[in-house]
Amino acid sequence: MANSMSDSGQEALTEIRAHERECVLRYRAIEDSLERGSKRFDKIEHMLWGIYIALFFTVLVPQALRFME
């Protein structure tokens, strides 16, 4: 009976270790996904600043040119 308990404990420990390995892989995948999302967000932010600059020049520069005439 003691041997049966030891086998059960060893089996549980093996399953826990396997579970921990799987969790490490999942967390790495999550971190990679978050990193890609962060890079994508940075790219969108730069594009948005470009749009702000374009709007500035298309709205204010023509008005300034009209004012100079």
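Couple of notes before you dig in:
- Put a plus charge on the Cβ of each Lys and Arg, a minus charge on the Cβ of each Asp and Glu, and nothing anywhere else: the dipole of the chain about its Cα centre is then about 420 debye.
- Accessible carbon and sulfur surface of the chain relative to its total accessible area, %, 1.4 Å: 64 percent
- Column: log10 I(q)/I(0), Debye, Cα scatterers of the chain, q = 0.19 Å⁻¹: -0.85
- Projecting the Cα atoms of 10, 56, 38 onto the charge dipole of the chain, computed from C-beta unit charges around the Cα centre, puts 56 farthest toward the positive end.
- C-alpha long axis of helix 2-68 to longest principal axis of the chain, angle in °: 0 degrees
- Only helices enter the 222 nm calculation for the chain: every DSSP H run of n ≥ 4 contributes -39,500 (n - 2.57), and dividing by all residues gives -37000 deg cm²/dmol, rounded to 500.
The values are calculated or read from the model by the stated rules, or taken from the named source; none is laboratory data. The structure displayed is predicted, hence computed values, not measured ones. Ideal geometry is used to build each Cβ from the backbone, glycine not excepted, and the neighbour counts take in all protein chains shown. Heads up: the accessible areas ignore ligands, DNA and RNA and are worked out on the full protein's heavy atoms, side chains in. Shrake-Rupley method; radii C 1.70, N 1.55, O 1.52, S 1.80 Å.
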